[in-house]
Amino acid sequence: MSEAVDNSSYPDTEMITVNVFLSSTIKLSIVCSYIPPNVSLDAFSQNIIYFNKVCTNNDLMLAIGDYNLPTIDWKANVPGNDAKSIEFFDCTLMHGLQQYITEPTRMENILDLLLCNDYSLISDVEVGVPFGQSDHNSITCSLIFVGDDRDASVPNQNIAQILKWDRTDWQNFSVYCQRTDWYNLISELSSPDTIWESFCTFVEEGIAKFVPKTMYRKNKTFKQNHKTKVMKKLHAKKRKLWLKIKNKSPTKN
């Protein structure tokens with residue numbers, strides 16, 4: 001089930017948000033954005049205000065779109081010197097968003113972004129052939145849907161456990177470590193192996209106490225192919241030409 005989020009209070013933004021309910025307790029908010037390259041700083045800030053609001057009101061976030069911020073170095077995670085890239089980069093840091101695109105999506109620039117605040121949700125990210133007559137490369141990825149509705153006590157080879165490190169109770173984890181009598185814990189152990197095993201057991205018990213868990217189903221994914229033979233041939237030809245252009249020396253945007 002899904003629902004659109006009202007953005008009528010931000011008429012100058014080209015952002016749309018849809019909430020997808022993965023289960024009765026988990027909601028994924030997907031933000032699709034377009035920010036024009038020459039937008040004024042005031043209009044850009046309105047986009048960031050809306051983006052901040054969506055991120056603040058939702059736990060699980062996925063953001064995609066053309067943000068036109070070529071000065072951000074996403075490989076080194078360093079913003080450019082311009083106000084727009086600094087404002088957007090600070091916003092992603094504040095909300096714990098990771099950016100997954102590290103190769104150019106138009107010319108030599110990374111303009112199209114894929115951001116998420118849960119590393120376990122995103123996999124198989126690929127920059128590929130432009131869609132239709134677009135001058136931007138396409139972005140594809142796979143999503144691993146997580147859920148809390150399964151009974152973790154029921155053995156199932158298709159069910160795996162994920163530790164939610166971003167929600168760890170680090171303060172109590174720290175107290176747990178500080179209050180431990182480390183001398184008594186290892187003083188009677190006779191070998192490095194037994195000391196290491198004792199230490200690992202201690203850490204695992206702390207993780208079990210202070211790091212939340214969630215379960216996800218490791219379903220096999222089946223990609224349905226609705227292309228005709230003619231479409232497949234045309235797509236293969238298009239990909240061949242795209243790779244030829246991609247391997248040439250890039251020109252400036």
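The values are calculated or read from the model by the stated rules, or taken from the named source; none is laboratory data. What you see is a predicted model, and the numbers here were worked out from it, not measured in a lab. Cβ coordinates were reconstructed from backbone atoms using ideal geometry, including for glycine residues, and neighbour counts include every protein chain displayed.
How many of the residues in the stretch 173-196 are hydroxyl-bearing (Ser, Thr, Tyr) and surrounded by 12 or more Cβ atoms within 10 Å (Cβ to Cβ)?
First pass over the stretch 173-196, keeping only residues hydroxyl-bearing (Ser, Thr, Tyr): 174, 176, 180, 183, 187, 190-191, 194.
From what is left, the residues that are surrounded by 12 or more Cβ atoms within 10 Å (Cβ to Cβ) are 174, 176, 180, 194.
Matching residues across the stretch 173-196 total 4.
Within the stretch 47-76, the set of residues being under 22 Å from Thr105 (Cα atoms) and free of Cβ contacts under 8 Å to residues at least 12 places away in the same chain comprises Asp73, Ala76.
Taken over the stretch 20-38, residues that are at pLDDT below 90 and aliphatic (A, V, I, L, M) amount to 4. Filter the stretch 115-147 down to the residues that are polar (S, T, N, Q) and within 14 Å of Lys238 (Cβ to Cβ), then identify the one that is surrounded by the most Cβ atoms within 10 Å (Cβ to Cβ). Residue satisfying both the conditions and the ranking: Asn137.
In the stretch 135-149, the count of residues that are in the same structural domain as Phe21 (by TED's automatic domain parsing), touching a Cys at 6+ places or on another chain (Cβ under 9 Å) and at pLDDT 90 or above is zero.
When Ser153 is tested against (1) among the hydroxyl-bearing types (Ser, Thr, Tyr); (2) at pLDDT below 85; (3) surrounded by 15 or more Cβ atoms within 10 Å (Cβ to Cβ), only condition (3) is not met. For Met15, the test of being surrounded by 12 or more Cβ atoms within 10 Å (Cβ to Cβ), in the same structural domain as Ser142 (by TED's automatic domain parsing) and closer than 17 Å to Asp118 by Cα is failed. Per the conditions (1) hydroxyl-bearing (Ser, Thr, Tyr); (2) surrounded by 18 or more Cβ atoms within 10 Å (Cβ to Cβ); (3) in contact (Cβ under 8 Å) with a residue 60 or more places away in the chain, the sole criterion not satisfied by Thr25 is (2).
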